[in-house]
Amino acid sequence: MPDLSHNAVYNSRIPQMPSLPTSRIIWLILLLLAPLSGWAADWTKPEDQLAIKIAAATGPGAVNVTVTNRSSISPSDVETIRRGLLERLSAAGLRFVDADQAAATVQISLSENLQNYVWAAEIHQGTNEPSVLIVATLRPNVPLASQDGPNLTLRKLQLWASDDPILDAAIINGATTQLVVLYPGQIKLYRLQSDHWIEQQALAITHSGPWPRDLRGRLVLRKDHLFDAYLPGLTCQSNAGAPLAVTCRASDDPWPVGTDQFNLNAFFAPARNLFTGAVSPGIGKKTTVPAFYSAAPLPRDKYTLWLLAGVDGRIHLTDGINDQTAAKLDWGSDIASVHSTCGSGWQVLASAPGVDSGDTVQAFELADREPLAAVPPVELPGGVTSLWSAMDGNSAVAVVHNPENGKYEAYLLTIACGQ
């Protein structure tokens, strides 16, 4: 796996500052030197900083400005911030018009991480590439992470082991507990009898041509029929009744990479064993993200934060407006998210190389953009070949290749509280 130890950066460029009238330059200098007093007045500092950057990027003229709150800042404070920004931009010579009359559009997003409020302005101007300007200010009275809260435990339960490669597996909870396992050439259905899985049915996967060397697959449980299976260049769908049957067709349809609650589909590049970065319906306004191997959604009050294990060896974090890379992580290319009843309510599971021949999986909390280990790493008996969130979000399934016995083993991963 590539080294993921990188400093956090924003994927943006800093535009050159256009020339401004002398009176405007004096105003900008005064803003930089303006004293601050009390937290109620502290909004003026990031307002001044962001207004300076926006005015420098656009120059005087007609602009369209929108402000979106993606943080815990109260609505009344958001309105205060919006007015403050508009006043400062107006003083810098910017005039506010409708989008179809504007020489530039400025989309301002108010977000936050564990330590700071982070404000970003995405500027679209003519045919130039959009630029993103960032300012940050410390959040007041932010409590530090406490070790006194409920303990989290990452549990693993072996579901199945096979001499044949396992691509994915899923538990069906109903009147009878069932296990669906996706193999390269077939899909098998097992039912739980006492404490053993008994094979119930095997469904052949029909396809033309050889599989790629590094074969991946995804099982998705559905409400109107039992499941869909996604493989490179192929989609298979089961029927809804008995006897169970499956129909496969050549397809380049995007694969589901999220959960039922947080839907996201991504286009898979079969020959390269990765997702190209084209996503649907999109993350916010973005329908293109960096190419990645796996993805994990984390809900926030007003948006969903997506973590992407990028092919560049970095963990990318995007909410549809701001893009960031997490710093100093040693994660592998397989990540997933799990909903629990403890901690923040959602944790990220990340694979990593273990001490011996096996990999580990560890659960992390994210205070918006800052990963913090929530549990010690759980050892697995081999390298992780697959890690997917269950569609209900309550668990994940990891598949490992055990070098000692040569078998592929599927594990159910859940998070328990107070253990």
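The values are calculated or read from the model by the stated rules, or taken from the named source; none is laboratory data. Computed from a prediction, not measured in an experiment: that's the story for all the values here. Please note: Cβ atoms are built from the backbone with ideal geometry, for glycine as well, and neighbour counts cover all protein chains shown.
Among the strands (runs of 3 or more DSSP E) contained in the range 154-210, which hold 3 or more residues that are within 29 Å of T360 (Cβ to Cβ) and among the acidic types (D, E)?
Ranges flagged: none.
If you take the residues in the range 346-375 that are touching a residue at least 40 places away in the same chain (Cβ under 8 Å) and in a loop (DSSP other than H, G, I, E, B), which one is surrounded by the fewest Cβ atoms within 10 Å (Cβ to Cβ)?
S357
Quick check, is A278 surrounded by fewer than 22 Cβ atoms within 10 Å (Cβ to Cβ), under 20 Å from L167 (Cα atoms), in the same structural domain as P371 (by TED's automatic domain parsing) and out of contact with any Leu (no Cβ under 8 Å at 6 or more places or on another chain)?
no
Hey, among A390, A363, which residue is over 18 Å from H316 (Cα atoms) and either within 18 Å of the chain's Cα centre (by Cα) or modelled with pLDDT under 90 (or both)?
Answer to the selection: A390.
What are the residues in the range 292-315 that are of a type in the set (V, I, T), surrounded by fewer than 21 Cβ atoms within 10 Å (Cβ to Cβ) and part of a strand (DSSP E or B), if any?
T304
Restricting the first residue to the range 221-237 and requiring it to be closer than 16 Å to L179 by Cα, which pairs with a second residue that is crowded, with 17+ Cβ neighbours inside 10 Å and among the aromatic types (F, W, Y) meet a Cβ separation below 7 Å and a spacing of at least six or different chains?
From residues that are closer than 16 Å to L179 by Cα, the pairs are L221/F227.
Filter the range 230-243 down to the residues that are farther than 12 Å from R218 by Cα, hydrophobic (A, V, I, L, M, F, W, C) and in contact with a strand residue (DSSP E or B) (Cβ under 6 Å, 6 or more places away or on another chain) and list them by number.
Across the range 230-243, there are no qualifying residues.
From A91, A62, grab the single residue that is touching a Lys or Arg at 6+ places or on another chain (Cβ under 6 Å), modelled with pLDDT of 90 or more and surrounded by fewer than 16 Cβ atoms within 10 Å (Cβ to Cβ).
A62
Suppose we filter the range 316-345 for residues that are outside any loop (DSSP other than H, G, I, E, B), of a type outside the set (D, E, K, R) and touching a His at 6+ places or on another chain (Cβ under 9 Å); how many remain?
2
Scanning for something buried (at least 17 other Cβ atoms within 10 Å of the Cβ), under 23 Å from R314 (Cα atoms) and of a type outside the set (A, V, I, L, M), does the range 226-241 turn up at least one residue?
For the range 226-241, residues buried (at least 17 other Cβ atoms within 10 Å of the Cβ), under 23 Å from R314 (Cα atoms) and of a type outside the set (A, V, I, L, M): absent.
Which condition from (1) at pLDDT below 90; (2) surrounded by fewer than 21 Cβ atoms within 10 Å (Cβ to Cβ) is the one that D100 breaks?
(1)
Considering each residue of the range 235-248, count those that are modelled with pLDDT under 95 and part of a strand (DSSP E or B), and give that number.
Residues that pass the stated criteria total 0.
Look at the range 106-123 and say how many of its residues are surrounded by fewer than 18 Cβ atoms within 10 Å (Cβ to Cβ) and at pLDDT 80 or above.
Within the range 106-123, residues that are surrounded by fewer than 18 Cβ atoms within 10 Å (Cβ to Cβ) and at pLDDT 80 or above number 0.
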